[in-house]
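The values are calculated or read from the model by the stated rules, or taken from the named source; none is laboratory data. Bear in mind the structure is a predicted one, so any value in this text is a computation, not a measurement. Cβ: placed from backbone, ideal geometry, glycine included. Neighbour counts: every protein chain shown. Ligands, DNA and RNA are excluded from the accessible area calculation, which covers all protein heavy atoms including side chains. Shrake-Rupley method; radii C 1.70, N 1.55, O 1.52, S 1.80 Å.
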Amino acid sequence: MMVQDPPFPTSKKPSKPHRKQPQETTLLSDHFPEPQTLGLPKWVSFNLFKITTISILTLAIAALFFLHNSNDSSPTFFCFKSQTKKPIPIQLPKVNFNSIRPISDKSSVYASFTSDRWIVVSVSDHPSDSLRKLVKVKKWQVLAIGNSRTPSDWELKGAIFLSLEEQANLGFRVLDHLPYDSYVRKTVGYLFAIQHGAKMIFDADDRAEIVGGDLGKHFDLKLSNVDVMQERILQYSRKNPNRTVVNPYVHFGQRSVWPRGLPLENVGEVGHEEYYNQVFGGMQYIQQGLSNGLPDVDSVFYFTRKLGSEAFDIRFDELARKVALPQGIMVPVNSFNTLFHSNAFWALMLPVSVSSMASDVLRGYWAQRLLWEIGGSVVVYPPTIYREDKIEAYPFSEEKDLHVNVGRLIKFLASWRSNKRNLFEKILDLSFAMAKEGFWTEKDLQFTAAWLEDLLAVGYSQPRLKSLELDVIRLGTTINHGELKEFIPRKLPCVHLGVKESETVNYEIGNLVRWRKNFGNIVLIMFVSGSVEGTALEWRLLYGRIFKTVVILSEKANTELAVEQASLDQVYKYLPKIFDRFTSAEGFLFLQDNTILNYWNLVQADKSKLWITNKVPHSWITVSIKDSDSMWFSKQAGMVKKVVSTMPAHLQVSYKASSTSEQSLTICSSEVFYIPRQFVGDFVDLVGLVGNFKMHYRVAIPMFFMAMDLPQQFDSAFSKMIYKADVLSTNSSNSYSAQVPAVYPWTVSNEVDFLELIRVMAAGDPLLMELV
């Protein structure tokens, strides 16, 4: 939803840049004599050399322009293009962390000022009422960081303000990488605070008010205190080894709200913990608070659950116990309500190559993985601030970095390992790996190196490494965290839904949990035939609640939306790539976007068997080659015959037993089908046998299914689906039923169509109405 400042078009650089430039004072007119009047013949003679030179240059430029724009394939032209487009591989920066020169504050008026507690905010407008209250928090120093949109006369008694010009004079290396008009310039503030004696930094929003006006009542400020170290903190259980991320809002009473940065496929995980482990305090180096009023939610939540112009006023359980994250499990961490202790100051770096909506979330996941290396943890606390909902939500496109990449990032981080000898080397190593994987660009790799050098330059000492507890657990060794503890979250009113949570809602949530449990290890492969710009995220939101993940294919790839390119005519040839990617998946369900999947009616289907529409009239048909005059049917039948002749015995026997005649061709529309894990190997082998044959998917898929098993062994999961082959889709509610497993046809080409789809599907899954 909100980080600090909304994204704006790139502003012009300020008049005073990071590096000062000498001014030129000599007038150009002083270098030229008074003009003389010449006749045309005399002028031509006098300037003949210049005219000739200009003519030659003009012809040369024209020739180069022609070569650049022509379709000529001469070796010279190819050489010219190759030189201009040669890719440069990403290089790991070489940094000698033992030879960093100190940087002291010699330019600011606060050079001699020190404080051990700092509140860092980004400011783009005049001081807000909330910020005026923030400077009154006792024993904390507010540091306001300006950008190119901050008023030049910005001033607030009690706060230290650093303008762009003052930041430029501090001498930090990170200044060369920071944008001028973004809240990520808070990075300068973090370094300034550390340089001036910080022991803890509260990363804050200038529009938030601290509940009760005292941070000490909410967070653990003295980690070395005996009471803190002996306190038993609830910790999420590692019972499910495949769980890598959790929604902390469930623990604090709001199960239908999710934080910005939570993968959309995890939104449907609304059940509370059966039990918690307990751990001793003292290692909670990063402390994430919650926000009442307007929590940290993404624009998907904001757009789909807001009731018109009514402001959000969501409340969390203030009496719920704080909860820690064990190694192997992560949680979204933001930049406006988070306390960092000195052992985690290195984790304050805000990435610069991703969108502002993704920067702090990526920082949070990156930091959590590295936190495991020093034995630290993230702990989530009950509400610490209140934010009034006066902010407009961003469109989905501003958060595409989150929705597309965050799930993959979490899995990558959980599996990442490094053999580097100290923390800073590991930090640089992980940033390098993330650049190679495309989670951010090489710009952030260089930025990381500059950040680490600046940390050492201002006097920061990197924490020592500790053994990775996660690897000990995976080796089968039990970590004793004391007795298990049960905690049942309170059921707080779902104000954003306009109703209080009732037994009916509890029943519906129970259904959602049951569906997720049933399909949670099934990968949904969806082919989108139309534009993906207005539907890709919506499909993931709809089906990601139920399935392990949603892989979207289309005729054209879209890397920003993680849409992969595949031809529908031979889409089966692309499926083995997806099978290899999800080796632990229980099965794979293929679905075209012209078909509605009523997943609640598939719970009883046997996931160890094949599912396809072989019992649906007009979807599965047999064509006689003898009676057909179509050349296309004959060619397809010929290819089938050749492939069958090369099949291994078990596949060939099954196919011939399933086929009615050698003179017939089985065709299936294949809008939806399911392949369990045990048949994946056979499917891949059959794709290999087809090879370069251009066999249509409507022919190949039924051939594969009949070869893999006898039709009487297929599960009849789709036998009752609504299938109207000769009807153009009008998306009429009269043609839809929530009592069948699937409905064809139905067209979804934009967000309006998607909302209409949600409304009709809510007859079977009422919680979908929360998305409307």
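Looking at the structure I just gave you, is Met647 open to solvent by 20 Å² or more (accessible area, probe 1.4 Å), touching a residue at least 40 places away in the same chain (Cβ under 8 Å) and over 29 Å from Val743 (Cα atoms)? Here the answer is no, as Met647 does not meet what is asked. Scanning region 111-135 for residues that are open to solvent by 40 Å² or more (accessible area, probe 1.4 Å) and either assigned to a loop (DSSP other than H, G, I, E, B) or among the hydroxyl-bearing types (Ser, Thr, Tyr) (or both) yields a count of 7.
Evaluating Ala725 against the criteria (1) under 19 Å from Gln570 (Cβ atoms); (2) outside any helix (DSSP H, G or I); (3) among the aliphatic types (A, V, I, L, M) leaves one unmet condition, (1).
Determine which member of the set Leu350, Leu339 is at pLDDT 95 or above, under 23 Å from the mean Cα position of the chain (by Cα) and not aromatic (Phe, Trp, Tyr).
Details: Leu339 fails: under 23 Å from the mean Cα position of the chain (by Cα).
When all the criteria are applied, what remains is Leu350.
Restricting Val653, Val643, Val616, Val623 to residues that are assigned to a helix (DSSP H, G or I), closer than 25 Å to Phe590 by Cα and either in the same structural domain as Ser567 (by the TED database) or among the acidic types (Asp, Glu) (or both) narrows the list to Val643. Of Ser99, Ser108, Ser163, Ser148, all but one fail to be open to solvent by less than 60 Å² (accessible area, probe 1.4 Å), small (Gly, Ala, Ser) and over 35 Å from the mean Cα position of the chain (by Cα); the exception is Ser108.
Sort through Lys94, Lys186 and tell me the only one that's under 25 Å from Gln462 (Cβ atoms), of a type in the set (D, E, K, R) and without any contact (Cβ under 8 Å) to a residue 60 or more places away in the chain. Spell out how you get there, then give the answer.
On the way: Lys186 fails: without any contact (Cβ under 8 Å) to a residue 60 or more places away in the chain.
When all the criteria are applied, what remains is Lys94.
Starting from residues that are at pLDDT 90 or above and buried (at least 18 other Cβ atoms within 10 Å of the Cβ), keep the ones in region 550-561 and report whichever is nearest to Val513 (Cα to Cα). Within region 550-561, the match that is nearest to Val513 (Cα to Cα) is Val550.
Might you let me know whether region 719-732 holds any residue that is in contact with a Gly (Cβ under 8 Å, 6 or more places away or on another chain) and open to solvent by less than 40 Å² (accessible area, probe 1.4 Å)? Scanning region 719-732 turns up no residue that is in contact with a Gly (Cβ under 8 Å, 6 or more places away or on another chain) and open to solvent by less than 40 Å² (accessible area, probe 1.4 Å). Look at (1) free of Cβ contacts under 8 Å to residues at least 60 places away in the same chain; (2) under 16 Å from the mean Cα position of the chain (by Cα); (3) part of a helix (DSSP H, G or I) and you find that Glu560 fails only one, number (1).
Condition check ((1) open to solvent by less than 10 Å² (accessible area, probe 1.4 Å); (2) of a type outside the set (Val, Ile, Thr); (3) part of a helix (DSSP H, G or I)) across all residues:
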{"site": "Thr666", "(1), (2), (3)": "no, no, no"}
{"site": "Ile675", "(1), (2), (3)": "yes, no, no"}
{"site": "Phe679", "(1), (2), (3)": "no, yes, yes"}
{"site": "Asp682", "(1), (2), (3)": "no, yes, yes"}
{"site": "Val687", "(1), (2), (3)": "no, no, yes"}
{"site": "Asn692", "(1), (2), (3)": "no, yes, no"}
{"site": "Ile701", "(1), (2), (3)": "yes, no, yes"}
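Every residue, every condition in (1) more than 25 Å from Ile329 (Cβ to Cβ); (2) at pLDDT 95 or above; (3) buried (at least 21 other Cβ atoms within 10 Å of the Cβ); (4) out of contact with any helix residue (DSSP H, G or I) (no Cβ under 8 Å at 6 or more places or on another chain), yes or no:
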position: Arg421; (1), (2), (3), (4): yes, no, no, yes
position: Met434; (1), (2), (3), (4): no, yes, yes, no
position: Ser461; (1), (2), (3), (4): yes, yes, no, yes
position: Leu470; (1), (2), (3), (4): no, no, no, no
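The residues of region 650-664 that are over 23 Å from Ser624 (Cβ atoms) and either of a type in the set (Ser, Thr, Tyr) or open to solvent by 60 Å² or more (accessible area, probe 1.4 Å) (or both), listed by number, are His650, Val653.
Just one residue in the set Leu591, Leu610 is more than 27 Å from Arg408 (Cα to Cα), open to solvent by less than 50 Å² (accessible area, probe 1.4 Å) and either of a type in the set (Ser, Thr, Tyr) or modelled with pLDDT of 95 or more (or both); that residue is Leu610.
Do we find that Asp627 is among the acidic types (Asp, Glu) and either under 16 Å from Pro711 (Cβ atoms) or open to solvent by 50 Å² or more (accessible area, probe 1.4 Å) (or both) in this structure? Yes, satisfied.
For region 742-755, a residue qualifies if it is open to solvent by less than 10 Å² (accessible area, probe 1.4 Å) and closer than 17 Å to Pro617 by Cβ, and the qualifying residues are Ala742, Val743. Note on region 143-171: residues that are part of a loop (DSSP other than H, G, I, E, B) and in contact (Cβ under 8 Å) with a residue 60 or more places away in the chain amount to 6.
Candidates are the residues of region 563-591 that are farther than 21 Å from Lys609 by Cβ and part of a helix (DSSP H, G or I); the one that is nearest to the chain's Cα centre (by Cα) is Arg581.
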